[in-house]
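Okay, so here's the structure we're looking at.
Every number here is computed from the coordinates shown, using simple stated rules; none is lab data. Owing to the predicted nature of the structure, the values given are computational and were not obtained by experimental measurement. Here Cβ is always computed from backbone atoms with ideal geometry, including for glycine, and neighbour counts include all displayed protein chains.
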Amino acid sequence: MLLRFSPTSPFVRKVRLAAAILGQTLDIEPADTQDPSDSLRRQNPLGKVPALLTDDGEVLFDSPVILAYLDHMAGGDRILPAEPRARIAAVRLEALADGLMDAGILVLYEARFRPAERHEPKWLDYQAQKMTRALDALEAATPMGDGPITVGEIALGCALGWLDFRFEGKWREGRPGLVAWYEAFALRCPGFEASKPVA
Ligand SMILES: N[C@@H](CCC(=O)N[C@@H](CS)C(=O)NCC(=O)O)C(=O)O
């Protein structure tokens, strides 16, 4: 399996952590999402990382699909619970954490794609409010953190680690439950420290 990646992507980190937890080895090849000639755009029409090239010649995206595939390849019921209620809870948490990252990425892309004088404060505020609401909801219902690591917890760990990296850890203010969960998760999750994003 070959993972097209970029080193700071929190969605790529989800895949790397899932593989570490499941004991799987992934070959890796960097991708430049900004380069039209990069083969990534032929592999994933959306031009995003992560994209996983399977040994059967398929290309899988996006990260929830890849995590479901890795779980299946590991025999199932490992990071994606088979029991329906637990499964819904895990994929719901994954969706919330992924949405938090999506909003943060849109904030970053405003700076990356538009000159400062054309930044749209209403748009930035709209995305920032999504991030605040998601973080407040997570503080109000922090995962238990005492069972096997799920796709939801993987996504949440990657989201909070990425907020530390890109938004100076401001999410920590007034959210002691989430901070405690994160610090315990960092110790609990194989490969977490080794996969930290670096500038
Ligand atoms: N929903 C996607 C999001 C992936 C994503 O946004 N990746 C970013 C890097 S962190 C990307 O490739 N951006 C390039 C682009 O949007 O063109 C997933 O879960 O994999």
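Structural descriptor for the chain: relative contact order 25 percent, calculated from alpha carbon pairs under 8 angstrom and at least 6 residues apart. Using every pair of separate Cα atoms, the Kirkwood estimate puts the hydrodynamic radius of segment 1-47 at 11.4 angstrom.
Using a cut-off of under 19 Å, list every residue of segment 9-47 whose amide N is near the label point 7 Å from the Cα of Asp102 along the Cα-to-beta-carbon line. Under cut-off, by backbone N: 9-15, 44-47. Kirkwood hydrodynamic radius computed over the chain comes to 17.5 Å, based on all pairs of distinct alpha carbons.
Counting Lys +1, Arg +1, Asp -1, Glu -1, what net charge surrounds Ser39 among other residues with beta carbon under 14 Å of its beta carbon? Overall, the nearby charge balance is 0. Spacing of the modelled spin labels on Tyr126 and Ala141, each 7 Å from Cα toward Cβ, amounts to 2.6 nm. FRET efficiency for the pair Arg114 and Ala194, taken as 1/(1 + (r/R0)^6) with r the Cβ-Cβ distance and R0 = 25 Å, rounds to 0.10. Taken over segment 39-130, the alpha-carbon convex hull comes to 108 cubic angstrom per residue.
Derived scalar couplings between HN and Hα for segment 12-27 equal 5, 4, 3, 5, 5, 5, 4, 5, 5, 5, 8, x, 9, 9, 10, 6 Hz in order, rounded to whole Hz, by the Karplus curve 6.51 cos²θ - 1.76 cosθ + 1.60 (θ = phi - 60°), x for Gly and Pro. When peptides 125-135, 104-114 are ranked by their average number of other Cβ atoms within 10 Å per residue, the highest-first order is 125-135, 104-114.
FRET efficiency for the pair Ala89 and Leu22, taken as 1/(1 + (r/R0)^6) with r the Cβ-Cβ distance and R0 = 22 Å, rounds to 0.65. Rounded to the nearest whole Hz, the Karplus-based 3J(HN,Hα) values (6.51 cos²θ - 1.76 cosθ + 1.60, θ = phi - 60°) of segment 63-74 follow the sequence 4, x, 5, 5, 5, 5, 5, 5, 4, 4, 5, 8, with x at glycine and proline. With both residues required to sit in the chain, DSSP beta bridges show an antiparallel share near 55%. In deg cm²/dmol and to the nearest 500, what is the mean residue ellipticity at 222 nm of the chain if only DSSP H runs of at least 4 residues count, each as -39500 (n - 2.57), divided by the residue total? Dividing the helical sum by the residues of the chain leaves -17500 deg cm²/dmol.
Run the reach check for Lys48 against aspartates and glutamates, Cα to Cα strictly under 15 Å, same-chain hits fewer than 8 apart removed. What comes back? Within the straight-line cut-off, Lys48 pairs with Glu29, Asp32, Asp35, Asp38, Asp62, Asp98, Asp102. Normalised by the number of residues in segment 2-73, the mean separation of alpha-carbon contacts (under 8 Å, six or more apart) gives a relative contact order of 36 percent.
What does the charge count near Gly104 come to, summing +1 for each Lys or Arg and -1 for each Asp or Glu among other residues with Cβ under 14 Å from its Cβ? Value of the local net charge: 0.
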